[in-house]
Amino acid sequence: MRQKKRRQRIIGSIFIVVLLVLAYFSFGPGIGTHSKQRTVVVGVVSQTKQDAAIWQAVAQTASQKYGIHLIIKNFSDYNQPNKALKNGDIDLNAFQHYAFLHAWNKANGGGITALGQTYVAPIKIYSQKYRHLSQLPANSLVAVPNDASNESRALYVLKSAGLIKLKRQQLATIADITQNPKHLKIKEVSAEQSSRILDSAACAVVNNNYATAAGLSEKEVIYTEPLTRETRQWINIIAVRKTDRHNRNYQDILKSYQTNHVKRLMKHYYGKTQLPAWDLKMR
């Protein structure tokens, strides 16, 4: 009797082992596939140490909270990440604002949309000759960046400062100026030259990265871009293919970015020059 029970237990154990082996070979490839599906690649451009630290925190949250392995792919210029995203070489990218994406989609047949917001970095008008906008004399030379996206943004800053009026355009140019009461001479220069022209110009609209590189100080700021509905187009975003905008994994990456921890890191590294945008109230 005992031998019969022992034999039944042995047979039962062998049966369980066989089931486990069959399950492994039947579902093992599926498990591997699922693992690959939980890997997400996001493209960024010329990542700084500060940006890398923020994305490292995002990756840690994604891994611990959502079980996603986040890979950061660094590109050298702004021309590459949208092409890579549209071609399926990456899953997401995070380097552009709404205005840039709108212009790119228009020129490249669309296909990409915003998944969610990351940050906004207000740009400033600098002057080494004047302390206030009201001091700018008539016919003053004002420098703005000459590339389409940054020139438009600079012109909107001049508009919000009350120096000019513009036609309502997604991307504005000097030709869209409708009023210029002080007859300002607006000069288009390359973005990297905008800070260097301050020796000869009354003022210049300078992007934050070039202002920092040039060592411009807050004492030289005579106006800061306000956070209004009009400046919403300059909010940076995480972008995704339109067909993937409801993908749960990608939504979880967005959640991993939009955290209080990322807010604290942004404040630590950038102070008021770069602000979390996902819950900002625009006037």
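Among the residues of the range 199-213, those identified as of a type outside the set (Asp, Glu) and either at pLDDT 95 or above or open to solvent by 50 Å² or more (accessible area, probe 1.4 Å) (or both) are Ser200, Ala201, Ala202, Cys203, Ala204, Val205, Asn209, Tyr210, Thr212, Ala213.
Can you tell me which residues in the range 34-78 are part of a helix (DSSP H, G or I), at pLDDT 95 or above and open to solvent by 50 Å² or more (accessible area, probe 1.4 Å)? Of everything in the range 34-78, those that are part of a helix (DSSP H, G or I), at pLDDT 95 or above and open to solvent by 50 Å² or more (accessible area, probe 1.4 Å) turn out to be Gln56, Gln60, Ser63, Gln64, Lys65.
Here is the figure for the range 134-154: residues that are within 14 Å of His183 (Cα to Cα) and open to solvent by less than 70 Å² (accessible area, probe 1.4 Å) total 7.
Checking each residue of the range 79-87 against the condition of being surrounded by 14 or more Cβ atoms within 10 Å (Cβ to Cβ) and assigned to a loop (DSSP other than H, G, I, E, B) gives at least one match.
Search the range 155-174 for residues being in contact with a Ser or Thr (Cβ under 8 Å, 6 or more places away or on another chain) and outside any loop (DSSP other than H, G, I, E, B), and hand back the single one that is least open to solvent (accessible area, probe 1.4 Å). Restricting to residues being in contact with a Ser or Thr (Cβ under 8 Å, 6 or more places away or on another chain) and outside any loop (DSSP other than H, G, I, E, B), the top hit is Leu155.
Selection of first residues in the range 190-201 that are more than 14 Å from Tyr130 (Cβ to Cβ) and aliphatic (A, V, I, L, M) and of second residues that are in a helix (DSSP H, G or I) and open to solvent by 30 Å² or more (accessible area, probe 1.4 Å), restricted to Cβ pairs under 9 Å at least 6 apart or on distinct chains, gives the following pairs, ordered by first then second residue: Ala191/Asn150; Ala191/Asn209; Ala191/Tyr210. Filtering the range 88-115 to residues that are closer than 20 Å to Arg38 by Cα and open to solvent by less than 10 Å² (accessible area, probe 1.4 Å) leaves Ile90, Leu92, Asn93.
Just checking: which of the strands (runs of 3 or more DSSP E) contained wholly in the range 95-145 hold 3 or more residues that are over 26 Å from Arg196 (Cβ atoms) and in contact (Cβ under 8 Å) with a residue 60 or more places away in the chain? In the range 95-145, the matching strands (runs of 3 or more DSSP E) lie at 112-117.
The values are calculated or read from the model by the stated rules, or taken from the named source; none is laboratory data. Just so we're clear, the structure is a prediction, and the values are computed from it rather than from any experiment. Positions of Cβ are backbone-derived with ideal geometry, glycine not excepted, and every protein chain shown enters the neighbour counts. Areas reflect the complete protein model, heavy atoms only, side chains present, ligands, DNA and RNA absent. Shrake-Rupley method; radii C 1.70, N 1.55, O 1.52, S 1.80 Å.
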